[in-house]
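Have a look at the structure below, then the notes.
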Amino acid sequence: DSALTEKLGLTAWADAPGFALTYASARIESEIAELGPEDAKTFRDDLGLSDGMAERVVRTAFDLLDVITFYTAGDTESRAWIIPRDTKAVKAAGTIHSDMERGYIRAEVVHYDVLVREGSWNVCRDKGLLRLEGKEYPIAEADVVYFRFNV
């Protein structure tokens, strides 16, 4: 909140490169933690808070570090990966394993929200919601990716 930032004399910090401010109230977060999911959402909405304290702090840190999260999901494991923003698909594959980067063919990609809404990878494929992306595709925040490769 810019008014609070100004009142606390933190405007110079808030505008300085490499710095960021986010707000947190341990008391409010403690009260929210005692509520059920629907009541917690209503309470946050009433206060104008879109996310919880942890989410705000992590998002601010990721923005400062200029990194994003993408996901991979298989039959036995799902995983989040942190990479620099604007990382190309072939380099993101290399984050997982150098063989994947060396033998990169393409990436099948769907946004996390779409995958959750549709319920499964196969449903997304059947509905034509998966995108095929080449080596130069910049991985986006919350992409779920299946890398095709051959070594």
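Here are some notes:
- Restricting attention to segment 119-135 and to residues that are open to solvent by 40 Å² or more (accessible area, probe 1.4 Å) and part of a helix (DSSP H, G or I), the residue that is farthest from Ser78 (Cα to Cα) turns out to be Asp126.
- For segment 74-112, filtering for residues that are under 16 Å from the mean Cα position of the chain (by Cα) and exposed (fewer than 14 other Cβ atoms within 10 Å of the Cβ) leaves 6.
- Residue selected from segment 141-151 under the condition open to solvent by 40 Å² or more (accessible area, probe 1.4 Å) and under 19 Å from the mean Cα position of the chain (by Cα), by the criterion nearest to Glu108 (Cα to Cα): Tyr146
- Scanning segment 89-113 for residues that are assigned to a helix (DSSP H, G or I) and under 18 Å from Pro138 (Cβ atoms) yields Ala89, Val90, Lys91, Ala92, Ala93, Gly94, Thr95, Ile96, Met100, Glu101, Tyr112.
- The listed residue being surrounded by 10 or more Cβ atoms within 10 Å (Cβ to Cβ) and farther than 30 Å from Thr87 by Cβ, out of Leu65, Leu49: Leu49
- Of the helices (runs of 4 or more DSSP H) lying entirely inside segment 1-43, those containing at least 2 residues that are more than 24 Å from Asp63 (Cα to Cα) and open to solvent by less than 100 Å² (accessible area, probe 1.4 Å) span 26-33.
The values are calculated or read from the model by the stated rules, or taken from the named source; none is laboratory data. Keep in mind it's a predicted model, so treat the numbers as computed, not measured. With ideal geometry, Cβ positions are generated from the backbone for all residues, glycine too; neighbour counts draw on all protein chains shown. The area values use the complete protein model at the heavy-atom level, side chains included, leaving out ligands, DNA and RNA. Shrake-Rupley method; radii C 1.70, N 1.55, O 1.52, S 1.80 Å.
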